[in-house]
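The values are calculated or read from the model by the stated rules, or taken from the named source; none is laboratory data. Predicted, not measured: the structure shown is a model, and the values here were computed from it. For neighbour counting, all protein chains shown are included, and Cβ atoms are generated from backbone atoms with ideal geometry for every residue, glycine included.
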Amino acid sequence: MLKRLFIENFAIVKELEIELDSGLTVITGETGAGKSIIIDALGLALGDRASLSMIRQGENQSVIEADFQILKDCKPLENWFRENEISPRPNISIRRELLLQGKSRAFVNETFVSQQALKSLGMLLVEMHGQHEHQRLLDELSHQSYYDTWLKEPALFEEYTTAYIHFEKHITELQNLEKQRDSMVKEAELEAFQLQELSAVNPLAGELDELEKEQAILENSQLLAESAAEAASLLYENEESFSAELTRLIKLLEKAAQIDAEIQPYLEELRSAQITCAETGRSLGRYRDNVSHDPQRLEWIQRRLHSFQSLMRKYRRDYEEIVDYYEQLKDKSRSENNYDERIARQKKKLEEARSALKNAALALHNLRISKLADFRNRVEAILHRLGMDKARFNLAFHPLQPQNHRFIIIDGKKLGISPKGFEQLSFEIITNPGEHFKPLQEVASGGELSRITLALKSLLSDEDNTPTLIFDEADAGVSGRIARIVGEQIRALSENHQVLCITHLPQIASLGDQHFAVVKSYAGDYAETSLKKLKNDERITEIAKLLEAKSVTKTTLQAAKELLNTN
C-alpha cells in the first residue's frame, strides 16, 4: 500500500508530504484547490508521461516520491524486480524527477529505471478509477476482460491461450511456406528465362580467350602472312638468304679445318645454325601458306564476343563467372524444395491445431454460458443497492467473423477466432421497466456508468491483487441517499484494498478512516496548494462546508456530526 507521498515544485504545489494508512482515505477541497494535482503527481510517480508544464513556475525541477509497503506476496511484483534486475524489498521507494532542460528520470529503490518499466510497476501497485474508467466501459472490448477476470478459471484460460499460440504458430509457418513457394516460383521463372538466354549463347570455359586470340590473328592475317613470307625468304628461300650464306661459310671453313683441327668446332656450330635456319625458314613458309583469310569466320567471332560482352554487362559478372552460373542453372535441382508437399504437411498440422483450439474455445464458451446467470444476478444486486432499483444487466455474445486462416467450424458454421475465443462479449442494460436490453453505451448516463464501474470493481475486488485503489470523482452524477450507498460500497472495497477517494460529496467524505483537505493559498503572485490531515472537529467543519458551500451554520455543523456518527 501507499505509505508516503512527497511532492515538490509540481504545478501549484511548492512542497507537500503526506503519510497514509490502510482503509479508506478521503480527500476533499474546493473546486480549483488542486485535488486533481495530487492524483496527477502520483500518476507521474507511477510512470505517466511527463510535461515541462508540470514544473512549478520559477523552479528548475519537480520531484515526486512515493513509498509503498508490500504486505503480502505478489508474483507479478517478484517478476518485475527480476526482469529489471533490482533486488526485491518489502518496501518500494519510487522517485521521479522532471528537469526544466526537458529530461525526466525515474528511480526504484535508488536504481534508475525507464519510464516504460516504471509504468508497468505502477500498474501493479495502484489502480486508478475516474472519468476515464467510466469511459472505458463505453469500449466493448473491455467488457470481456471484466467478465473473464470474474470467472476465476486461470487454468482454463491458460489452456486456451496455449492452444491459440500453437494455432498461430502453425498459421505463421504455413504463411511463411506459401511466401517461400511464391518467391521460389518467381525465382524459378527468372532462372528459366536466364537459362534460356544463356543456352542461346552457350558460353564454354576458356572460349573467350581462344576467340580473342583468333580474332587478333584474323584481323592481322595480311600482316602476319607478309611478315612470315619475308622472314622465310631471308632465312631460306632465295640465293642471298641466311641459309645460302651459311653454305658458303661452311665450304670456306671445311678447307681450313683440313689444315687446322681447331676450326672444326666452329664448323659444327655453323652446320647446326644452317639446319636451324633452313628448318625455321621452311616452317615460316608453311605458316605463311596456312594463314587464314576468312572474313566470315572473323565476323562470326566478333558477333560471339559481342554476345559474351552483353552477358557480362547484364549479369555484372566476368566471363568465367558467367560460365559457372550457366552450369549451375543447368545442374540445379529443386527436389529438396518441394513446397507443395511441405505446404500440404503444414496444412495438416494446422488442422490438428485448429481442432485442439476448437475444443479449448468450446470449453471457454461453455464456462462463460454456465456462469452468466450468476454474474448477471450479482451485478444487478449491487446496482440495486446503488439506487438503480429497476436495472437489469446482461452480456450479449457476438460470434466473430472468420479472417483468412483464423477460424474454427462449429456445427457446420465457420466462426472467427481470437486470443479471447470465438465470440466478443458486450454488456447490455435495461434502466427502466418495459424496455429491451440495449448496449451499455447507448443508454447509460454518466452517473449510471460510475455506479456500474463500482459494481464491477466490487465484484472483482477479491481477484484483484492491486493493493491500492484510487477513485477520482467516481461519485459523479450521484447525490443524497444514493451518494451514501456509493460511499458505503467504496468503503467495502477498503476491507481488501487501501482506497483513496477524491470526492465532493459529504455522504462519502464522512465514511473515511482518514480525511485530508486540499487547501489553496496565495504567496504574493503565486498560488500554492497544501494538504492537511483533519482531526475530528476539523472534519465536522469540512463536511459542513460540503453540505452548504455558501456558509457554515449550526444546522450544517449538526448535520455533519450526524453523518460522522452514523458510520
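Observations, loosely collected:
- Checking each residue in the range 152-173 for being surrounded by fewer than 18 Cβ atoms within 10 Å (Cβ to Cβ), of a type in the set (A, V, I, L, M) and in contact (Cβ under 8 Å) with a residue 12 or more places away in the chain picks out LEU156, ILE171.
- Subset of the range 332-348 [in contact (Cβ under 8 Å) with a residue 40 or more places away in the chain, out of contact with any Leu (no Cβ under 8 Å at 6 or more places or on another chain) and part of a helix (DSSP H, G or I)]: ASN337, ASP340
- Scanning the range 384-406 for residues that are assigned to a loop (DSSP other than H, G, I, E, B) and surrounded by 18 or more Cβ atoms within 10 Å (Cβ to Cβ) gives LEU386, GLY387, MET388, ALA391.
- Residues being over 24 Å from GLU473 (Cα atoms), crowded, with 17+ Cβ neighbours inside 10 Å and among the charged types (D, E, K, R) - total across the range 410-449: 3
- Total residues in the range 10-34 satisfying the condition of being touching a Leu at 6+ places or on another chain (Cβ under 9 Å) and either surrounded by fewer than 18 Cβ atoms within 10 Å (Cβ to Cβ) or farther than 12 Å from ARG96 by Cβ (or both): the figure is 14.
- Count of residues meeting criterion [closer than 15 Å to VAL113 by Cα, surrounded by 15 or more Cβ atoms within 10 Å (Cβ to Cβ) and not hydrophobic (A, V, I, L, M, F, W, C)] in the range 59-90: 2
- Out of TYR326, TYR287, one residue alone is within 30 Å of SER233 (Cβ to Cβ), part of a helix (DSSP H, G or I) and not charged (D, E, K, R). It is TYR287.
- Residue pairs meeting the criteria (Cβ under 6 Å; at least 6 apart or on separate chains; first within 13 Å of LEU454 (Cβ to Cβ), in the range 376-390; second surrounded by 18 or more Cβ atoms within 10 Å (Cβ to Cβ) and hydroxyl-bearing (Ser, Thr, Tyr)): ILE382/SER458
- The condition of being without any contact (Cβ under 8 Å) to a residue 40 or more places away in the chain and among the acidic types (Asp, Glu) holds for only one of GLU262, GLU237, GLU191, GLU214, that being GLU262.
- Among the conditions (1) over 30 Å from PHE10 (Cα atoms); (2) surrounded by fewer than 19 Cβ atoms within 10 Å (Cβ to Cβ); (3) over 46 Å from the mean Cα position of the chain (by Cα); (4) of a type in the set (D, E, K, R), the only one that ASP525 does not satisfy is (1).
- Residue within the range 190-206 that is within 30 Å of ARG354 (Cα to Cα), surrounded by fewer than 16 Cβ atoms within 10 Å (Cβ to Cβ) and in contact with a Lys or Arg (Cβ under 9 Å, 6 or more places away or on another chain) present: no
- Any hit, the range 53-60, residues being over 30 Å from HIS398 (Cα atoms), modelled with pLDDT of 90 or more and part of a strand (DSSP E or B): yes
- Remark: pairs (first residue in the range 306-331, more than 13 Å from VAL201 (Cβ to Cβ) and touching a residue at least 12 places away in the same chain (Cβ under 8 Å); second residue surrounded by 12 or more Cβ atoms within 10 Å (Cβ to Cβ) and small (Gly, Ala, Ser); Cβ separation under 8 Å; 6+ apart in sequence or on different chains) = GLU320/ALA205.
- Selected residue (criterion: farthest from LEU5 (Cα to Cα)) from residues of the range 515-544 that are touching a residue at least 12 places away in the same chain (Cβ under 8 Å) and part of a helix (DSSP H, G or I): ALA544
- Criterion: touching a Gly at 6+ places or on another chain (Cβ under 7 Å) and in a helix (DSSP H, G or I) - qualifying residue of LEU118, LEU190, LEU174: LEU118
- Looking across the range 274-305 at every residue that is of a type in the set (Val, Ile, Thr) and free of Cβ contacts under 8 Å to residues at least 60 places away in the same chain, the one that is surrounded by the fewest Cβ atoms within 10 Å (Cβ to Cβ) is identified as ILE275.
- All of ILE38, ILE94 fail the test of being within 26 Å of GLN489 (Cβ to Cβ) and surrounded by 18 or more Cβ atoms within 10 Å (Cβ to Cβ), apart from ILE38.
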